[in-house]
Amino acid sequence: MTKNSIRQTVALGKRSTLELFRQPALVLPSMIFPLFFSFLGNSSFGKTTSLPGFPKVSSYLQFQLAGTIVQGVLFGSVTGAAALATDIENGFFDRLLASPTS
């Protein structure tokens, strides 16, 4: 990557992050729901680690951590897709395609 492409990536990332945090209603669900479901699942199914045939893990939270991470990534990607759709609707994407960004 060249200095120019790094600078362009940082500028677009900063723009996207600022737009995202201007609407906290979009940020909170992607952070809160995976944690909520993780705690709910751990309190509901925490004792299942002692059942025969269950994989050897020290706690159910350790078993569930991968699912929580995937869920957080999926929530974040939905937010990113919504931001991309908004950029396409507002014409920013067309201006970005016409600009000399590499």
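Check whether at least one residue in region 35-47 is in contact (Cβ under 8 Å) with a residue 40 or more places away in the chain and out of contact with any Asp or Glu (no Cβ under 6 Å at 6 or more places or on another chain), and report yes or no.
Narrowing region 35-47 to residues in contact (Cβ under 8 Å) with a residue 40 or more places away in the chain: none.
No, the conditions are met nowhere in region 35-47.
Among (1) of a type outside the set (A, V, I, L, M, F, W, C); (2) under 13 Å from the mean Cα position of the chain (by Cα); (3) surrounded by 12 or more Cβ atoms within 10 Å (Cβ to Cβ); (4) closer than 30 Å to Phe92 by Cα, which single condition is Gln8 missing? With (1) of a type outside the set (A, V, I, L, M, F, W, C); (2) under 13 Å from the mean Cα position of the chain (by Cα); (3) surrounded by 12 or more Cβ atoms within 10 Å (Cβ to Cβ); (4) closer than 30 Å to Phe92 by Cα applied to Gln8, the lone miss is (2).
For Phe21, the conditions (1) under 30 Å from Ala85 (Cβ atoms); (2) surrounded by fewer than 11 Cβ atoms within 10 Å (Cβ to Cβ); (3) out of contact with any helix residue (DSSP H, G or I) (no Cβ under 8 Å at 6 or more places or on another chain) all hold with the exception of (3). Annotation: Pro52 fulfils all but one of (1) surrounded by 11 or more Cβ atoms within 10 Å (Cβ to Cβ); (2) farther than 27 Å from Pro100 by Cα; the unmet one is (1). In region 64-76 there is no residue that is at pLDDT 90 or above, out of contact with any Asp or Glu (no Cβ under 9 Å at 6 or more places or on another chain) and not in a helix (DSSP H, G or I).
Considering the conditions (1) at pLDDT below 85; (2) assigned to a loop (DSSP other than H, G, I, E, B), Pro52 is excluded by exactly one of them, (1).
The single condition from (1) at pLDDT 85 or above; (2) not in a loop (DSSP other than H, G, I, E, B) that Ser30 fails is (1).
The values are calculated or read from the model by the stated rules, or taken from the named source; none is laboratory data. Everything numeric here is computed off the predicted structure, so don't read it as measured data. Note that we place each Cβ from the backbone using ideal geometry, even for glycine, and neighbour counts take in every protein chain shown.
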